[in-house]
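Presented below is the structure to which this report refers.
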Amino acid sequence: MPTPSLITKLEVFRVPPRWLFVRVETQDNLVGWGEGTLEGHTEAIEGAYADLRERFVGADADNIQDIWQTAYRARFYRGGPVLMSALSGLDIALWDIKGKKLGVPVWQLLGGKVRERIKVYGWIGGDSPSDVVENALERRQQGFTAVKMNGTDAVSWLDSPSELLDAVQRVKDVRATGLDVAVDFHGRLHKSMAKQLAKLLEPHQPLFIEEPLLPTQPEEIADLARAISTPIALGERLFTRSDFRPYLEKRALDVAQPDVAHCGGISELHRIAALTEMYDVALAPHCPLGPIAFAACLQVAVTSPNFAIQEMSWKIHYNKHPDEAAGLEADLHTYMSNPSVFDIVDGHVAVLQGPGLGIEINEGLVRETSAKYIAEQKPWRNPVWRGEDGSVREW
Ligand SMILES: [Mg+2]
């Protein structure tokens with residue numbers, strides 16, 4: 001009978017570029033790392049952690065599912081980006097602890113592997129898509145075989161159809177480099193424009209189109225799914241299995257993109273994987289975030305039969321340190337002591353073999369960087385976009 005591992009400490013670290021790491025320590029000196037990043041809402045998550053700390057310091061870290069259910073159900077209000085991102089980070093840290101305690105990677109505890117390596121894709125082009133071909137060629141050089149790009153800049157409720165032709169050309173140009181390309185609509189387009197763009201892109205066979213409409217529109221996305229053959233992907237702004245349910249029941253989804261740092265951690269990502277498999281929907285976890293979230297995604301990818309491809313944030317345009325001029329970095333590998341575990345070979349990364357999450361966090365660097373960042377910088381915010389007439393546009 002293993003001895004309990006009572007939680008003695010729950011700390012959070014705000015670090016550049018825009019991440020929130022969680023460190024959980026137990027009375028038997030185990031340490032687990034999680035990531036509860038909610039981009040642009042850092043202070044809200046820190047507040048949610050004040051509550052989780054009050055409730056779970058003293059709890060047995062072995063009881064991951066009891067802690068998950070208590071956090072989810074026992075404060076009456078539940079779900080949504082803030083509470084679920086905080087719970088996600090705690091859940092990931094608890095799985096890291098359990099794996100380290102038992103001396104096995106998390107994927108062993110989820111039932112073992114169903115694949116030998118994990119396909120990944122990188123990001124090209126910023127939010128005003130340009131230079132995409134040059135970026136695509138760089139990605140190919142780095143070992144990727146698939147990339148994702150934004151479809152458009154800001155688009156109004158009814159823009160000129162000519163606004164969409166550039167996007168089609170960019171997709172054609174990237175496809176010509178030999179890479180597969182997914183196109184993120186980012187919920188920027190409303191229905192009148194999104195259905196035109198989806199039709200125009202269809203002959204160029206994007207790997208998938210992502211968030212063709214906002215996640216408030218399951219019925220309209222289901223209509224789109226019936227009108228085109230291109231796979232429809234979404235899920236980064238859905239939290240728990242319950243949020244995926246209408247998309248599955250309405251046949252509006254081909255590729256599920258839960259984000260492990262928002263959806264409820266490794267526990268809920270694993271459950272969403274099983275749920276979506278039942279609907280013949282592929283799993284492609286969203287992850288423009290840090291190394292802990294990425295490692296957590298890989299743990300589930302290894303064990304999920306419907307896993308298709310994993311987003312990887314290495315060299316994504318967000319990954320900049322505010323003191324970049326001083327030579328400081330804030331990229332996927334920056335806070336890791338064993339960065340080579342994320343090496344890309346032929347479009348894939350290897351199955352992580354270390355105990356727990358299989359990554360080693362450079363704790364000294366996290367502590368030092370976080371203290372300086374909090375003292376000197378405001379947390380990351382996304383831009384607010386406005387159209388020519390001054391009205392707010394979706395970012
Ligand atoms: Mg997206």
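The figures follow:
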| quantity | calculated |
| --- | --- |
| Nearest-ten-degree value, helix 64-73 long axis tilted from longest Cα axis of the chain | 60 |
| Between helix 132-141 and the chain: long-axis angle, C-alpha atoms, 0 to 90°, nearest 10 | 50 |
| FRET E, pair Thr8, Val168, Förster distance 56 Å, beta-carbon r, rounded to 0.05 | 0.50 |
| Cα Rg, Dmax, the chain, angstrom units | 20.5, 67 |
| Distance between segment 115-181 and segment 1-69 - C-alpha centres, whole angstrom | 36 |
| Euclidean distance between Cα centres, segment 302-324 to segment 340-366, Å | 12 |
| 0 to 90° range, to nearest 10: angle between helix 363-376 axis and the chain longest Cα axis | 60 |
| Extension reserve of the Asp323-Gln205 stretch, reckoned as 0.36 nm per residue once the Cα distance is removed | 38.5 nm |
| Label zone at Gln108 (point 7 Å along Cα-to-Cβ), backbone N below 19 Å, segment 284-311 | 295-304 |
| Mean Cα-pair separation over length for the chain, i.e. relative contact order, pairs under 8 Å, 6 or more apart, % | 20 |
| Ranked packing of 296-304, 333-341, most packed first, by mean Cβ within 10 Å | 296-304, 333-341 |
| Segment 321-395: radius of gyration and largest Cα-Cα distance (Dmax), Å | 18.2, 55 |
| Cross-link partners of Lys199 among lysines (Cα-Cα below 25 Å; sequence separation of 8 or more within a chain) | Lys148, Lys172, Lys191, Lys250 |
| Tail weight of P(r) past 22 Å, computed on alpha-carbon pairs of segment 135-221, percent | 25 |
| Theoretical gain in end-to-end length, Asn382 to Val57 [0.36 nm per residue, Cα-Cα removed] | 113.7 nm |
| Within straight-line cross-link reach of Lys9, lysines at Cα separation under 24 Å, skipping those fewer than 8 residues along the same chain | Lys98, Lys100, Lys101, Lys372 |
| Projected label distance in nm at Glu134 and Ala44, using a 7 Å step from Cα toward the beta-carbon | 3.6 |
| Mean separation of Cα contacts under 8 Å, 6 or more apart, over the residue count of segment 7-88: relative contact order % | 29 |
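All of the numbers you see were taken from the coordinates with simple rules; none came from a lab. Small disclaimer: the values here were computed from a predicted structure and weren't measured. Every residue, glycine as well, gets a Cβ built from its backbone with ideal geometry; the counts of neighbours run over all protein chains shown.
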